[in-house]
Amino acid sequence: MVFKDKLFGLKRDELEKLVLELGCPQFYGRQIAEWLYKSNIRTIDEMTNLSKSARALLNDKYDLGIYNPENVQTSADGTKKYLFPAHQGMFVETAYIPEVNRATVCISSQIGCKMGCRFCMTGQQGFQGQLTAGEILNQLRSLPEKDTITNVVYMGMGEPFDNLINVLDSLEILTADWGFGMSSKRITVSTIGIIPGMKEFLEKSKCHLAVSLHSPFEEERKDLMPVGKMYPLHQILDTIRSFNLGRQRRISFEYILFKDLNDTVSHVKELARLLNGIHCRINLIRYHPIPGISLQPSDDVTIIKFENALKSKGIRTTLRASRGQDIFAACGLLSTKELLRQNQRE
Ligand code: SF4
């Protein structure tokens, strides 16, 4: 089989360069971008404002690079978890989360993950590869519910800033007027705190940032998230403080509550001390127990006490509704299962 490069996922300037190389007019680049990111075409031949010969040249060298999901699981609460094909026969997960006034798609940025967080199924799966900008965006473009999507979060499989170039390219395509034209206020990128990537993201993009915090104590945080050894929490917070982010751009901290581990009064006190002066919000998250991992979720009474204690310290705090628990929507279980199934077949 002849391997062809993909058009989907290229930026306007890359498409302009490409059409010039094919001997076509430069403005075809913008027209192709609009076909790719603003329409629902499934073939190059549907780009009807390009000449027939240009379409033939494109077909010769390129694939569109748009793929339907291969599997879906639907939760009792309406959350859906899709399995999208990626290169080399791998899969990534995408969650569709409908709510009363909005619908969010949670997309993956890598196949698996290198970061090895103790509480995460994807972390247990290990790293299999980077997603291209096209593979990242195809999770939105080929989502059956695409036209209902109001918000995009990069909180699926992988650490976005460990795939920085492709993630930044995908954000440019999502927000550009020649691309999906989404407001950056509708997009949140989540990181466990890769400081160099975080800096570049804060400089180059206007999208919101979510940082996985999970414990205000460095040693405890390192135990949950080994990356803390390289990028300690105080340096992450200093980096955020060094940017003048204004009120338009939201900084949130994700905090999964684990029973008898990070849900005590001393955690609340230390969080309040550390976050003092940062205009932010803490999102508390109920832990979904994962097979083979000993961590347990905090009970409801403790969670509510923790939430109220943070609020009483003046910290804006929300308790995220648990969505898709029955289909493991918060971790890489579906793709891990698919990987294991394939390995068994081989
Ligand atoms: Fe990777 Fe995120 Fe899982 Fe950590 S929580 S292992 S960064 S996918």
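The values are calculated or read from the model by the stated rules, or taken from the named source; none is laboratory data. Note that the structure is predicted; figures quoted are calculated from it, not measured. Cβ sites come from the backbone with ideal geometry, for glycine too, and all protein chains shown count toward neighbours.
Key figures
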read-out	value
Residue within segment 233-248 that is out of contact with any Leu (no Cβ under 8 Å at 6 or more places or on another chain), small (Gly, Ala, Ser) and at positive phi present	yes
Residue check for residue 287: touching a strand residue (DSSP E or B) at 6+ places or on another chain (Cβ under 6 Å) and either of a type in the set (Gly, Ala, Ser) or surrounded by 13 or more Cβ atoms within 10 Å (Cβ to Cβ) (or both)	yes
Conditions (1) of a type in the set (S, T, N, Q); (2) surrounded by 15 or more Cβ atoms within 10 Å (Cβ to Cβ); (3) within 18 Å of the chain's Cα centre (by Cα): number failed by residue 215	(3)
Residue under evaluation residue 288, criteria (1) over 20 Å from the mean Cα position of the chain (by Cα); (2) outside any strand (DSSP E or B), criterion not met	(1)
Subset of segment 14-29 [assigned to a helix (DSSP H, G or I) and either hydroxyl-bearing (Ser, Thr, Tyr) or surrounded by 13 or more Cβ atoms within 10 Å (Cβ to Cβ) (or both)]	14, 15, 16, 17, 18, 19, 20, 28, 29
Positions within segment 230-251 being modelled with pLDDT of 95 or more and of a type in the set (Ser, Thr, Tyr), in sequence order	231, 239
Boolean, residue 109 is at pLDDT 95 or above and on the phi < 0 side of the Ramachandran plot	yes
Complete set of residues in segment 33-77 that are assigned to a helix (DSSP H, G or I), charged (D, E, K, R) and either free of Cβ contacts under 8 Å to residues at least 60 places away in the same chain or touching a helix residue (DSSP H, G or I) at 6+ places or on another chain (Cβ under 7 Å) (or both)	45, 46, 52, 55, 60, 61
Residue list for segment 75-91, restricted to those being more than 11 Å from residue 139 (Cα to Cα) and among the hydroxyl-bearing types (Ser, Thr, Tyr)	75, 79
Subset of segment 223-244 that is out of contact with any helix residue (DSSP H, G or I) (no Cβ under 7 Å at 6 or more places or on another chain) and among the aliphatic types (A, V, I, L, M) - its residue that is farthest from residue 281 (Cα to Cα)	230
Those residues of segment 156-199 which are more than 13 Å from the chain's Cα centre (by Cα) and within 13 Å of residue 212 (Cα to Cα), in sequence order	193, 194, 195, 198
Qualifying helices (runs of 4 or more DSSP H) (wholly inside segment 94-208; at least 1 residues being buried (at least 24 other Cβ atoms within 10 Å of the Cβ), within 16 Å of the ligand (Cβ to nearest atom) and not basic (Lys, Arg))	121-125, 133-141, 164-175
Residue in segment 30-63 that is farthest from residue 167 (Cα to Cα), counting only those that are of a type in the set (S, T, N, Q) and surrounded by 14 or more Cβ atoms within 10 Å (Cβ to Cβ)	59
Residues within segment 233-252 that are within 16 Å of the ligand (Cβ to nearest atom) and over 15 Å from residue 202 (Cβ atoms), tallied	1
Test: residue in segment 87-96 that is over 24 Å from residue 38 (Cα atoms) and of a type in the set (Asp, Glu)	no
Any hit, segment 76-83, residues being within 16 Å of the ligand (Cβ to nearest atom), modelled with pLDDT under 95 and out of contact with any strand residue (DSSP E or B) (no Cβ under 9 Å at 6 or more places or on another chain)	no
